[in-house]
Amino acid sequence: MRPRGRGNGVHQHPNVKGRVREQYWPGTLMGLGVFIALGSLFTVAAWTLVDPMLLLRVLVVLCFTGNLLPYLRSGLWLGMERLEWFLFNLLAVGPIGTSVLLWANFLVHSAPVTTEHLVARVDAGRTMLTYHFTDGYLDELPFARATYNDWYPIVGNAVRITEAEGILGVPVLLRKEPFAR
């Protein structure tokens, strides 16, 4: 009689043995999900006129929605262990899903509308300029009012802003162009 224990080839959960597979695509998607989310955060998230807390809520919902599915029908069917399934939803499904929604909203939009706004003051940092408009436009969205120092040769006392309605109903900024009046 052989003793039971570690290293003798006996798996402690015979029902799961053989279903969980060694695979690399979930880890690859998790790594890509982190980088895709960071890239979208610094680009399209700043161009989308959505409350940052609402965007965070959408990300959290997408990160945990997959975990509401029954594990046996979803995670184990894909050959993942429970922790791997949880991390896959957290680091791949949520960030990539949020980024796809943001990019779809930005790329598919209605006809653009251009408006002009007078500048009350400009906060100049090392790399960013943040505009404050006299009419209070975009006061609640500081990232949408910011632009890089080297994008335009002038700071300007007015800004032309081209805006459109995205496919998801969220307005997006297509262009910000400072000019002197």
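The values are calculated or read from the model by the stated rules, or taken from the named source; none is laboratory data. From a predicted model like this one, the values you see are computed outputs, not experimental measurements. Please note: Cβ atoms are built from the backbone with ideal geometry, for glycine as well, and neighbour counts cover all protein chains shown.
Figures for the structure shown
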read-out: So V100, is it under 26 Å from the mean Cα position of the chain (by Cα), assigned by TED's automatic domain parsing to the domain that holds G33 and either surrounded by 15 or more Cβ atoms within 10 Å (Cβ to Cβ) or not in a helix (DSSP H, G or I) (or both); value: no
read-out: Selection within region 33-74 - loosely packed, with under 15 Cβ neighbours inside 10 Å, assigned to a helix (DSSP H, G or I) and among the aliphatic types (A, V, I, L, M); value: V34, L38, M53, L54, L56, V60, V61, L68
read-out: Selection within region 1-39 - modelled with pLDDT of 80 or more and hydrophobic (A, V, I, L, M, F, W, C); value: W25, L29, M30, L32, V34, F35, I36, A37, L38
read-out: Condition met for G166 (within 30 Å of M30 (Cβ to Cβ) and at pLDDT 95 or above); value: yes
read-out: Unmet criterion (only one of (1) under 19 Å from I167 (Cα atoms); (2) under 17 Å from the mean Cα position of the chain (by Cα); (3) exposed (fewer than 13 other Cβ atoms within 10 Å of the Cβ); (4) of a type outside the set (A, V, I, L, M)) for T114; value: (2)
read-out: Neighbours by Cβ (under 9 Å, 6+ apart or cross-chain): first from region 50-74, more than 12 Å from T98 (Cβ to Cβ); second surrounded by 12 or more Cβ atoms within 10 Å (Cβ to Cβ) and among the basic types (K, R); value: Y71/R82
read-out: Residue check, G79 in the same structural domain as D51 (by TED's automatic domain parsing) and over 14 Å from the mean Cα position of the chain (by Cα); value: yes
